[in-house]
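The values are calculated or read from the model by the stated rules, or taken from the named source; none is laboratory data. The structure presented is a predicted model; accordingly, all values stated were derived computationally and were not measured. As a convention, Cβ positions derive from the backbone with ideal geometry for all residues, glycine included, and neighbour counts pool all protein chains shown.
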Amino acid sequence: MLLKIGWHDSMKLKLTAVFKKFPEGYAAFVEELPGANTQGTTLAEARTNLAEAVAMVLEASRELGFNRFSSVNSSARSRC
């Protein structure tokens with residue numbers, strides 16, 4: 001999963017999205033981003049929901065002044 005981060009248009013962050021199929025649908029989470037998890041009836045719905053979950057976790061982190069990725073990717077630093 002490659003996401004554009006809102007700090008600057010040219011900043012990108014590569015994250016590992018994991019999708020698991022269950023009889024009821026799909027569960028999804030991002031390994032590098034605790035709290036970014038969701039589910040969906042279809043894979044497409046799970047992908048959409050996961051993108052929204054990631055955006056919400058990153059926004060909350062920016063608002064709280066956290067920089068979860070300082071050791072993963074120095075170019076993804078918050079401009080708080």
**Complete:** For the stretch 41-69, pairs from a residue that is farther than 14 Å from F19 by Cα to a residue that is modelled with pLDDT under 90 and part of a helix (DSSP H, G or I), with Cβ under 6 Å and 6 or more apart or across chains, are R68/S61; F69/A76
**Request:** Please enumerate the residues belonging to the stretch 30-43 that are over 16 Å from A60 (Cβ atoms), modelled with pLDDT of 95 or more and within 14 Å of the chain's Cα centre (by Cα).
**Result:** Q39
**Request:** Kindly check whether there is at least one residue in the stretch 48-57 that is part of a helix (DSSP H, G or I), exposed (fewer than 15 other Cβ atoms within 10 Å of the Cβ), hydroxyl-bearing (S, T, Y) and at pLDDT 90 or above.
**Result:** yes
